[in-house]
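The values are calculated or read from the model by the stated rules, or taken from the named source; none is laboratory data. For clarity, every value in this text was computed on a predicted model and none was experimentally measured. In case anyone asks, the SASA skips ligands and DNA or RNA and just uses the protein heavy atoms, side chains included. Shrake-Rupley method; radii C 1.70, N 1.55, O 1.52, S 1.80 Å.
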Amino acid sequence: MKKWNLIIDVAKCFGCEACAVACHDEYRGNEFPGYAAEMPNHGSRWIDIRQREKGQFPMVEVAYLPVTCNHCDDAPCIKAAKDGAIAKRADGIVIIDPVKAKGQRQLVDACPYGAIHWNDEKQLPQAWPFDAHLLDGGWTRTRGSQVCAIQAMRTVRVEDDEMQKMVLEEGLEVLHPEFRTKPRVYYKNLARYFKAFVGGSLAGAIGGVTECIEGARVSLHRGGRKVAEARSDPYGDFRFQGLDEGSGRYRIEVHDERFEPKGHEFDLGVSTYLGTIELKGKPVARA
């Protein structure tokens, strides 16, 4: 049977909040019997756009991570629910029954992702229901993926084996796989949020004038082994992504036919800007 899944590309998301606003617009002031009660006006973010700043001036990145109910196949909230208050549908969607779940505050703590919110006024645990009322009505996308201008969020309805094929081909991951909840929300480029980068700028004298060095080959080494390679851009900048924070000693080596080779060693803690690395011109051969 085909099941619903959500794919979020962290590298594309720039935190516009359109998906979160669309979710609020759909559920604030609206009741959907059997699917969801009205969302509170304040205090609940069923689609929460988390933000993380990395690096140092002038090389700074801001990564955004949309987090919502993961519609897990092995959902801890279902195990914690009483009287069938939460159900897993055959199409993969998890629904918190807005009647049966009343008063069951333990469901908030049952979610390891923090995706279940407590509606104090209604004494009701709530989470994003994958816009199931719209999909059941013929929609092919959630409102969040529909309004995403750059398609950082995609709704996918496929068989499980086809979804796993997509996971392998696109390098998809889930949040906190160690929780073993088997989420149906997948992420692409998740390292952009959780892992570190290192970068720097290259400069050197050309014709007596110091300029940004474009096109230099920069390699990253660890433990005597090359782990990545990049080219400097028109501003002389280079950057290596996807490094583990606190991973220790690295060395970069710079090669450009106009300049002498240059090496630089550093210890990586968090995302780091190495500053401007000046290259020395090669000696002019005498006739």
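Here are the numbers for the structure shown:
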item	result
Kirkwood estimate for the range 120-211, i.e. one over the average of 1/r between Cα atoms, Å	17.6
Quarter of the Cα convex hull surface for the range 39-145, i.e. its orientation-mean projected area (nm²)	8.7
Portion, in percent, of the accessible area of the range 9-67 that falls on carbon or sulfur, probe 1.4 Å	52
Approximate shape of the range 58-112 as ellipsoid semi-axes (Cα gyration tensor, √5λ), whole Å, largest first	30, 14, 9
Alpha carbon convex hull of the chain, projected area averaged over orientations, nm²	19.1
Rounded percent of accessible protein surface that carbon and sulfur make up, the range 143-256, 1.4 Å probe	47
Accessible area per residue in Å² at 1.4 Å probe, computed on the chain	51
